[in-house]
1. Determine, yes or no, whether S332 is of a type in the set (S, T, N, Q) and under 21 Å from L454 (Cα atoms).
2. Kindly provide the set of residues from the stretch 476-516 that are touching a residue at least 60 places away in the same chain (Cβ under 8 Å), out of contact with any Ser or Thr (no Cβ under 9 Å at 6 or more places or on another chain) and not in a helix (DSSP H, G or I), ordered by number.
3. Go through the stretch 168-203 and give me each residue that's of a type in the set (A, V, I, L, M, F, W, C) and assigned to a loop (DSSP other than H, G, I, E, B).
4. If you check G444 against the conditions, is it farther than 27 Å from D349 by Cα and either in a strand (DSSP E or B) or modelled with pLDDT under 95 (or both)?
5. I'm trying to understand the selection: among the residues of the stretch 447-496, which are of a type in the set (A, V, I, L, M, F, W, C), modelled with pLDDT of 95 or more and on the phi > 0 side of the Ramachandran plot?
6. Considering each residue of the stretch 158-176, count those that are surrounded by 10 or more Cβ atoms within 10 Å (Cβ to Cβ) and either in contact (Cβ under 8 Å) with a residue 12 or more places away in the chain or under 27 Å from K205 (Cβ atoms) (or both), and give that number.
7. Which of the following residues is buried (at least 17 other Cβ atoms within 10 Å of the Cβ) and at pLDDT 95 or above: G370, G351?
8. Assuming N475 fulfils every condition listed in (1) out of contact with any Phe, Trp or Tyr (no Cβ under 7 Å at 6 or more places or on another chain); (2) crowded, with 22+ Cβ neighbours inside 10 Å apart from one, which condition is it?
Amino acid sequence: MKQNKFKQIFLVVLTVVLFCFSPLWAEAGDLITAKEVLNIKTCSDARISPDGSKIAYTVSVPREANDKPGSAYRELYVVGTKNGMIQPFITGKISIGNIRWSPGGARIGFITKRGEKAKSQVWAIAADGGEAVRLTNSKSGINSFEWHPKESKIVYIATEPKTKKEEALKKKGYGFVFYEENLKHKNLYLFDLKEKKTEQLTAGKTAWSFVLSSDGKTIAAGMTGQNLIDHSYMFKKIYLVDIKTKKLTRLTGNPGKLGRFAFSPDNTRMVYTAALERKDHAVSQVYVIDIASKKAVNLTIPGFRGHVDRAGWKNRSTIYYRAGEGVWPTLSLVPAAGGKRRIILHSQDTGITFRTAVFTRNFKHGAVIGSSPRIPNDLFYWQPGRKLKRLTTLNPRLEKKKLGKQEIISYKARDGQEIEGLLIYPAAYREGRRYPLVVTVHGGPESHYSNGWLSSYSRPGQVLSARGYFVFYPNYRASTGYGVEFALAGYEDAAGKEFDDIADGIDYLIKKGFADP
């Protein structure tokens, strides 16, 4: 009761504060509004064609107030990497996901559902446009899929469908659920596009993600013994599935969280990202494992001041990986046999904080999704060694808006530890004047803030800036992006040093003369 009353008082005070400071922003010109932030479009996924000439991408479009409730719509577009010509493929009130080019580049596959009670299925559309065609007819909705290298087949993950008895009981009213006890496994299936036949490849374990070997003979899947969310976080191991025999073999013995993984071009090794040890709260390391001997080697720099989150192969002897290093993501190359890394893309140099980067097999062409303090996620084309080329401008109105300055700040916590964060100034900031401060604390704490676009419906940084606020985004201890030791500072000390670091950041901004105490 007391807690609810406190919340009510807090909301009233916050509302009064928001309106009391209107004189600080009313004079400041064309400022961003809450409505405009709610209508921001973002590039949500991108895949580059096998020859690097086109990129298929999805645009996340927020629903309008009179739409049915649900997540944002996702529209499908294709853009030429040389001419920059954008073609809308599937737009409107639809959700397109898991876009994949066919091996020959003639079609774009994706997952969607059409119809009121339809289940998610794999669809495909010709690379030069036209009508989309449904490829699968799975009894349960499909979670993810990949083209088989022969292109006449696809592999997908779907939850094991209900039995006829279960369907009959449900119709009779026996629809009760034993929470987390009657969850069915997510299985791997092989679908023959010519014969329209489906073959179940796994049973008894849940598959969460997978990749196919280049020869189409083997699947590597991240699997757990139970279909439970906690198991997906903590107990995933890589298993190899022989498509012909359906034999399942465990490959990795990673002690904690598992990230993404990929076969080497010759299918003899696997690169994967994972935690260093079981108590780590996030994926942080890059490993390579020999498939025959199952010997894994950690390729991460000892004591690395960052967190590796995804990796792939440049060629059979070189691995690339993305890492968060403080507020800047980086892309690096490292020999698969071990050795020094070489950073080939640094967000601090480009000014674009990239979220994802996917490449053609020869590593000559890449599709990058990235943002900056003034640009929400847009699509970029990148040829390694050259500059990023921006292909989309999804929110042109923002370029005319007066936004608050965003800068990196660094301060010492009470015990001397250096802490980094981001600060958005009031849009109409005047030096020497104090302003109210809003602190936006990331959750987890297995995440961190990067120096990109920070405003969304639940974290309206630039909206608050327009109304005369400083907005502080601290990367306190236990955040990712600063190494395993920094991340473990909160282990068995919830809201200890984490909370102190945030409080010390507030004190720092008061002492700087920015925040009104």
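1. no
2. R477, A478, Y482, Y491, G513, F514, A515, D516
3. Of everything in the stretch 168-203, those that are of a type in the set (A, V, I, L, M, F, W, C) and assigned to a loop (DSSP other than H, G, I, E, B) turn out to be F176, V177, F178, L183, L193, L201, A203.
4. Considered against the rule, which asks whether it is farther than 27 Å from D349 by Cα and either in a strand (DSSP E or B) or modelled with pLDDT under 95 (or both), G444 comes out as yes.
5. A478
6. Residues meeting the conditions: 10.
7. Within the list G370, G351, the selection yields G370.
8. Exception for N475: condition (1).
The values are calculated or read from the model by the stated rules, or taken from the named source; none is laboratory data. The structure displayed is predicted, hence computed values, not measured ones. For neighbour counting, all protein chains shown are included, and Cβ atoms are generated from backbone atoms with ideal geometry for every residue, glycine included.
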